[in-house]
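So the structure is just underneath, and the comments pick up after that.
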Amino acid sequence: MFRQALDVVFPRRCAGCGAGPWPFCTICAGALIALEPPWCDRCGRPTEQTVASCRDCPPASIDLVRSAFLFDGPARRAILRLKFSGWRSVADALAGAIVAAAPLPADAVTWVPLGRTRLASRGYDQAKMLARSLAARTGAPVLPLIRRAADTGPQARRAGSERRGALEGAFRPSGRQVPARVLLVDDVLTTGATADVCARVLREAGAHQVILATAARAFSGPLPARYTPRKGPRPGLWLPGDVLR
């Protein structure tokens, strides 16, 4: 009721452009690039024909990867608002699309935790916000199963090998009992180095299956022509409105 009252006084704006109606205006919804088959069955990388695995598949610590959108256009802007502009409600706008991308059952939902410095700077953990929204939609409990043992600094400009070196030992089990099937949540997937370390922590603590789910994914190599970023609506490449509510 409090959220509804706030929406009346301070209506939420489009997470993509910041001007249209919530959660995504018609133009931004049409420009969202959903990751869809044909793809790699294991990691969800778009392909010309469906394949069982590909060069971008994660290490064995992660059983499956699913990301809702290409990290481009409205999806990219929405995630940046969630991370850096205090738009916490963007997590709700993205959660439905993540659930649609990763509809597999899980015993618990957890997240890749922020370091203390960035957590203090932002005031909240964006991956935790996404995990909470996903848990509310799936009915699975959200549990803090991983803790940060060390701040590693920004990873965005580091290559995969550099990330792995910086991240070794940066995460530890939280001490809670880890169930068999865990849905690990983060905002964006790039090299997968951080998720790999977290997945290994979960497995060492008792998880038998770790599924990685993210709001968006960035790719280093070329994608099929249907994923070439362009402005304006992209018929057939956006999720229906009920997923985004």
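The values are calculated or read from the model by the stated rules, or taken from the named source; none is laboratory data. The structure presented is a predicted model; accordingly, all values stated were derived computationally and were not measured. Positions of Cβ are backbone-derived with ideal geometry, glycine not excepted, and every protein chain shown enters the neighbour counts. Note: areas computed on protein heavy atoms with side chains; ligands, DNA, RNA excluded. Shrake-Rupley method; radii C 1.70, N 1.55, O 1.52, S 1.80 Å.
Quick look at the numbers
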{"quantity": "Qualifying residue in the stretch 114-125 (condition: crowded, with 22+ Cβ neighbours inside 10 Å and more than 24 Å from ARG12 (Cα to Cα))", "calculated": "no"}
{"quantity": "Subset of the stretch 19-50 that is among the hydroxyl-bearing types (Ser, Thr, Tyr) and over 24 Å from ASP92 (Cα atoms) - its residue that is least open to solvent (accessible area, probe 1.4 Å)", "calculated": "THR47"}
{"quantity": "Residue list for the stretch 39-61, filter: closer than 20 Å to ALA97 by Cβ and in contact (Cβ under 8 Å) with a residue 60 or more places away in the chain", "calculated": "GLY44, ARG45, PRO46"}
{"quantity": "From the options ALA207, ALA213, ALA199, residue that is buried (at least 23 other Cβ atoms within 10 Å of the Cβ), modelled with pLDDT of 70 or more and out of contact with any Leu (no Cβ under 7 Å at 6 or more places or on another chain)", "calculated": "ALA207"}
{"quantity": "Scan of the stretch 167-193 for residues that are of a type in the set (A, V, I, L, M, F, W, C) and part of a strand (DSSP E or B), ordered by number", "calculated": "PHE171, VAL182, LEU183, LEU184, VAL185, VAL188, LEU189"}
{"quantity": "Residues of the stretch 216-245 classified as outside any loop (DSSP other than H, G, I, E, B), modelled with pLDDT of 55 or more and either of a type outside the set (Ser, Thr, Tyr) or surrounded by fewer than 12 Cβ atoms within 10 Å (Cβ to Cβ) (or both), total", "calculated": "4"}
{"quantity": "Top-ranked residue of the stretch 54-108 - restricted to ones that are open to solvent by 30 Å² or more (accessible area, probe 1.4 Å), of a type outside the set (Phe, Trp, Tyr) and assigned to a helix (DSSP H, G or I), ranked as nearest to ARG181 (Cα to Cα)", "calculated": "VAL99"}
{"quantity": "Test: residue in the stretch 25-32 that is out of contact with any Cys (no Cβ under 6 Å at 6 or more places or on another chain) and closer than 26 Å to VAL112 by Cβ", "calculated": "yes"}
